[in-house]
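Student: Take a look at the following structure, please.
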Amino acid sequence: PEGQKSLGNIGDFLKTQGTGANPVWATAASGKIGAVSISPNITTAAAATTSTTHVDSGTTVISLTPSATTSKIWVAYTFHFDAGGNGQGVSTAIYADIDGAGYASIDSGGQFSTGSYYNNMGNGTRLRNWVSLNSLYSPSTTSIVNFKLYWAAKSGTSYLDMKTVKIVLLEILA
């Protein structure tokens, strides 16, 4: 009937049509942010490793449960490291565990870190540096996904400033 307004559907929003035009209900596009998880502050000062293969850094587990199997998880992490000495380096990777099945690297193709080392750049000085890395992960599950930072030393002993490790997870809805 004349003057009766539609209530729209779940997930719709009111879209403006410009000056003087009535708004209309529209369906939101995909790619919205769903769940968000941010790692807590870590109070441990530093960790050291001599392992040349990726090992658990000891950082806190951060978790997210996707709302749909089509959701992706944007993983962003930042930290400060010390390569430990001239010619040494650090390699890092984010590992995920889906519903207790065991941890595995989410960067199996070596996109940003696995097998690569932040090094001293050949200038003969000890490298201390901040790193911020991002990855888009498709777990294809609605089960809990746990994330941890893993790392390795190129040689010698490398150090991770645990108080600087911050991981942010964003569910990207399909």
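Student: Quick check: is even one residue across the range 42-49 of a type in the set (A, V, I, L, M), open to solvent by 80 Å² or more (accessible area, probe 1.4 Å) and assigned to a strand (DSSP E or B)?
Tutor: No, because not a single residue in the range 42-49 is of a type in the set (A, V, I, L, M), open to solvent by 80 Å² or more (accessible area, probe 1.4 Å) and assigned to a strand (DSSP E or B).
Student: For the structure I just gave you, tell me whether residue 152 is modelled with pLDDT of 75 or more, open to solvent by 10 Å² or more (accessible area, probe 1.4 Å) and among the aliphatic types (A, V, I, L, M).
Tutor: Numbers: modelled with pLDDT of 75 or more: yes; open to solvent by 10 Å² or more (accessible area, probe 1.4 Å): no; among the aliphatic types (A, V, I, L, M): yes.
Judged against the criteria, residue 152 is not a match.
Student: Residues being open to solvent by 40 Å² or more (accessible area, probe 1.4 Å), within 16 Å of the chain's Cα centre (by Cα) and more than 27 Å from residue 32 (Cα to Cα): count how many of those fall in the range 81-103.
Tutor: Selection size over the range 81-103: 1.
Student: Inspect all residues belonging to the range 111-121 and state whether any of them is touching a Lys or Arg at 6+ places or on another chain (Cβ under 6 Å), within 13 Å of residue 147 (Cα to Cα), open to solvent by 40 Å² or more (accessible area, probe 1.4 Å) and at pLDDT below 90.
Tutor: No - not one qualifying residue is present in the range 111-121.
Student: Taking the conditions exactly as written (out of contact with any Leu (no Cβ under 6 Å at 6 or more places or on another chain), farther than 23 Å from residue 41 by Cβ and at pLDDT 90 or above), does residue 65 satisfy them or not?
Tutor: Answer is no for this residue.
Student: Something else: Do any residues in the range 122-145 that are among the aliphatic types (A, V, I, L, M) have Cβ atoms under 9 Å from those of residues that are open to solvent by 40 Å² or more (accessible area, probe 1.4 Å) and modelled with pLDDT under 75, where the two are at least six apart or on different chains, and which pairs are they?
Tutor: Pairs that qualify, where the first residue is among the aliphatic types (A, V, I, L, M) and the partner is open to solvent by 40 Å² or more (accessible area, probe 1.4 Å) and modelled with pLDDT under 75, are 127/86; 127/118; 127/121; 131/118.
The values are calculated or read from the model by the stated rules, or taken from the named source; none is laboratory data. A quick note: this is a predicted structure, and the numbers were derived from the prediction, not measured. For neighbour counting, all protein chains shown are included, and Cβ atoms are generated from backbone atoms with ideal geometry for every residue, glycine included. Only protein heavy atoms, including side chains, enter the accessible area calculation; ligands, DNA and RNA are left aside. Shrake-Rupley method; radii C 1.70, N 1.55, O 1.52, S 1.80 Å.
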